[in-house]
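Worksheet: the structure to be examined is printed underneath.
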Amino acid sequence: MKNKVSIGDVVKLSFIGKLEDGSIFDTSDRPIQIEVGTGKLIKGLDRAIIGMEEGEQKEAVILPEEGYGLEDPDLITTMPREVFERNNLKPYVSMMLRTPHGDCYITRIIGDRVEVNYNHPLAGKTIIFEIKVEEIGGAIHAHAGGVPVWLCSSRTHTGDALCKGTSHAELSEFQAHGHPGRACVKSPLQIPNS
């Protein structure tokens, strides 16, 4: 048994993820296995775990720069409401969408325009984790379920934990200009003529 967590260790971790207002966005139902310091977790969570001892609990406050980054206004755009109607969808605020260019969610509906945001839903937010290192050591087991997607360092996936009980609506008919160096899109969306 190892005393303190270091880079490369496999750790079993329990957590509660909260926003600054105290609202909980996710909890671990059972401990999850993670590999520390490999760039697979958000930077702030990785740093918070390093040096912890088995059985230790603490609260980690993670600023946007070490979480999901600042919100990029270029990743917020609008599209005509008719795109949804053609796909038999009724848009609503917070609706999650899966597009050929990444996941996004609706932030506002103004008349016949729908605003969508391709930033991670936690971008620009300070997040707080109550964490407990349950065990240090072992190997990652593929069948163990792995790391929840929202804990990962990707800014472009909205995360299953953030939309539990909902499904992603599919919008495959529109195209977007690629944003060099990113796996997400940059506005404006180009709606093909139909």
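The values are calculated or read from the model by the stated rules, or taken from the named source; none is laboratory data. Computed from a prediction, not measured in an experiment: that's the story for all the values here. Please note: Cβ atoms are built from the backbone with ideal geometry, for glycine as well, and neighbour counts cover all protein chains shown.
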Out of Arg86, Arg47, report the one residue that is closer than 30 Å to Asn3 by Cα and in contact with an Asp or Glu (Cβ under 8 Å, 6 or more places away or on another chain). Arg47
In this structure, is Leu89 aliphatic (A, V, I, L, M), in contact (Cβ under 8 Å) with a residue 60 or more places away in the chain, surrounded by 15 or more Cβ atoms within 10 Å (Cβ to Cβ) and assigned to a loop (DSSP other than H, G, I, E, B)? yes
What strands (runs of 3 or more DSSP E), lying completely within the range 1-71, carry at least 1 residues that are under 15 Å from the mean Cα position of the chain (by Cα), surrounded by 12 or more Cβ atoms within 10 Å (Cβ to Cβ) and of a type in the set (Lys, Arg)? 10-19
Only one of (1) outside any loop (DSSP other than H, G, I, E, B); (2) of a type outside the set (Phe, Trp, Tyr); (3) at pLDDT 90 or above; (4) surrounded by fewer than 18 Cβ atoms within 10 Å (Cβ to Cβ) fails for Pro188. Which number is that? (3)
Residue check for Gly102: on the phi > 0 side of the Ramachandran plot and either modelled with pLDDT of 95 or more or under 24 Å from the mean Cα position of the chain (by Cα) (or both): yes
